[in-house]
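The structure under discussion appears below in the form of structure tokens.
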Amino acid sequence: MARFTLPRDLYHGKGALEALKSFEGKRAIICVGGGSMKKFGFLDRAIAYLKEAGMEVQLFEGIEPDPSVETVMKGAQAMIDFQPDWIIAMGGGSPIDAAKAMWIKYEYPDITFEEMCKVFGIPALRKKAKFCAISSTSGTATEVTAFSIITDYAKGIKYPIADFEITPDVAIVDPDLAETMPKKLVAHTGMDAMTHAIEAYVSTANCDYTDPLAIFAIKMIESDLVASYNGDMAKRDSMHNAQCLAGMAFSNALLGIVHSMAHKTGAAFADYGAHIIHGAANAMYLPKVIAFNAKNLTARKRYGVIADYMGICNKSDSDAKKVQALIAYLRKMNDDLNIPHCIKNYGADSYPCEQGFVPEDVFLARLHDIAVNAIGDACTGSNPRKPTVEEMEKLLKCCYYDTEVDF
Ligand SMILES: NC(=O)c1ccc[n+]([C@@H]2O[C@H](COP(=O)([O-])OP(=O)(O)OC[C@H]3O[C@@H](n4cnc5c(N)ncnc54)[C@H](O)[C@@H]3O)[C@@H](O)[C@H]2O)c1
Ligand SMILES: [Zn+2]
């Protein structure tokens, strides 16, 4: 038996934020990040709508990008003190993910972070509060997913919390919020969405319910992302939907080792002054992982279907040739979006450069541990080809040097 879970309600289209007016409850806590929602007026509007609905409103502000376990614990305490019956998380993936983890701790104050990370091990929520997610970036689709990514900075590792219990009750997908994104954020979050859709389509957990969402999202992202990056606001709006469709697919079909590798490299070099931003990591690793996974015949066929559907190859081409076309197309997208092809060329500002912020000797010294951690990541289980630690090390090396995957 398989399960397919989505939010009970999804409000979409320009002005959808107004849906908050119709919420019923006594107290709502709004969780936001560093200030973009306030700056662009969306926070004030959300507060006004909730007050119009008769609710007392409290804010939990300042959730950092790639939120920490400490922030989760602090937010949960604020919820325990305020006793909200609605948790409204607004912003990018970071504040929404943090709020999901806070929600678990609010409902079960004794639960530890380690217990939260047990895959599909969260006890029943919604005894104290319901959850609404309002996304302002077009990538993570956390507004519809069963995932939350929290970083343990002591270990330098991102941990996915995965359970349908944390799939929000309500998602608001209002493209107005995405229009204020700076270009770099459009690029990174957009390639995150592309990776979600492609990994979901070839995942071993794909099914008839997830495939149409994944493949249609891929086609939309192909048509919309670069133009959105270059300032086309109609395409920006469309990308907000595309990333959400990709999220519906991967929340139910799961992901693969592009994400395992991104999770385990993201904060691994933070002591050298930067993170490898999630979407950029995915964008760099995706072509390498496609080459690796395509050794599996089922995956190769599925990548071929993607290339066909995108219209980037001849229908009569061999699957191997279609895979090459897909890899070439994705690399061209990276060029168009000013994303480097490998960690070696990944600058601290995320742009391509001759020598990036991760020194070669440091990368090689940490390679084995990163490979072991990546294999152990929750996303590895649904990847179409199971890598050994040695293969994962080789794959990560290809992602560092931008060398060909021929194993
Ligand atoms: N839960 C999931 O299913 C899932 C999936 C993929 C990634 N993630 C996680 O999500 C996080 C990344 O989230 P993200 O890419 O959405 O970015 P983010 O939430 O980390 O935000 C990045 C920056 O963009 C700013 N910002 C957000 N929206 C804006 C807007 N509309 N206009 C201007 N500035 C804006 C924020 O203030 C912040 O400084 C990572 O921790 C990643 O691991 C989660
Ligand atoms: Zn992702």
Legend entry - Pair list, Cβ under 9 Å, 6 or more apart: region 273-290 residue without any contact (Cβ under 8 Å) to a residue 60 or more places away in the chain, other residue of a type in the set (Ser, Thr, Tyr): 281/265; 281/346
Legend entry - Hits in region 282-315 - residues which are crowded, with 20+ Cβ neighbours inside 10 Å and either more than 23 Å from residue 205 (Cα to Cα) or not assigned by TED's automatic domain parsing to the domain that holds residue 336 (or both): 284, 313
Legend entry - Checking residue 141 against (1) modelled with pLDDT of 95 or more; (2) part of a loop (DSSP other than H, G, I, E, B); (3) surrounded by fewer than 22 Cβ atoms within 10 Å (Cβ to Cβ), the condition it does not meet: (3)
Inset, instruction - Check residue 241 against each of (1) crowded, with 23+ Cβ neighbours inside 10 Å; (2) part of a helix (DSSP H, G or I); (3) in contact with a strand residue (DSSP E or B) (Cβ under 8 Å, 6 or more places away or on another chain); (4) not hydroxyl-bearing (Ser, Thr, Tyr) and name the one condition it does not meet. - result: (1)
Inset, instruction - Inspect all residues belonging to region 84-94 and state whether any of them is out of contact with any strand residue (DSSP E or B) (no Cβ under 6 Å at 6 or more places or on another chain), within 12 Å of ligand 1 (Cβ to nearest atom), in the same structural domain as residue 130 (by TED's automatic domain parsing) and polar (S, T, N, Q). - result: yes
Legend entry - Which listed residue is in a strand (DSSP E or B), within 14 Å of ligand 1 (Cβ to nearest atom) and touching a residue at least 12 places away in the same chain (Cβ under 8 Å), from 150, 198: 150
Inset, instruction - Could you grab me the full set of residues in region 360-401 that are in contact with a helix residue (DSSP H, G or I) (Cβ under 7 Å, 6 or more places away or on another chain), assigned to a loop (DSSP other than H, G, I, E, B) and either modelled with pLDDT under 95 or not basic (Lys, Arg) (or both)? - result: 377, 379, 383, 384, 387
Inset, instruction - Go through region 132-180 and give me each residue that's among the aliphatic types (A, V, I, L, M), away from ligand 2 (no atom under 16 Å from the Cβ) and over 22 Å from residue 267 (Cα atoms). - result: 134, 170, 171, 172, 173, 177, 178
Inset, instruction - State whether one or more residues within region 182-192 are away from ligand 2 (no atom under 15 Å from the Cβ), out of contact with any Cys (no Cβ under 9 Å at 6 or more places or on another chain), more than 21 Å from residue 278 (Cα to Cα) and part of a helix (DSSP H, G or I). - result: no
Legend entry - Filtered residues of region 201-227 (kept if in contact (Cβ under 8 Å) with a residue 60 or more places away in the chain and in a helix (DSSP H, G or I)): 201, 202, 215, 218, 219, 222, 225, 226
Legend entry - From 149, 134, residue being crowded, with 24+ Cβ neighbours inside 10 Å and modelled with pLDDT of 95 or more: 134
Inset, instruction - Tell me which of these residue 179 doesn't satisfy, since it passes every other one: (1) over 15 Å from the mean Cα position of the chain (by Cα); (2) more than 10 Å from ligand 1 (Cβ to nearest atom). - result: (2)
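The values are calculated or read from the model by the stated rules, or taken from the named source; none is laboratory data. Model, not experiment: these values are computed from the prediction. Please note: Cβ atoms are built from the backbone with ideal geometry, for glycine as well, and neighbour counts cover all protein chains shown.
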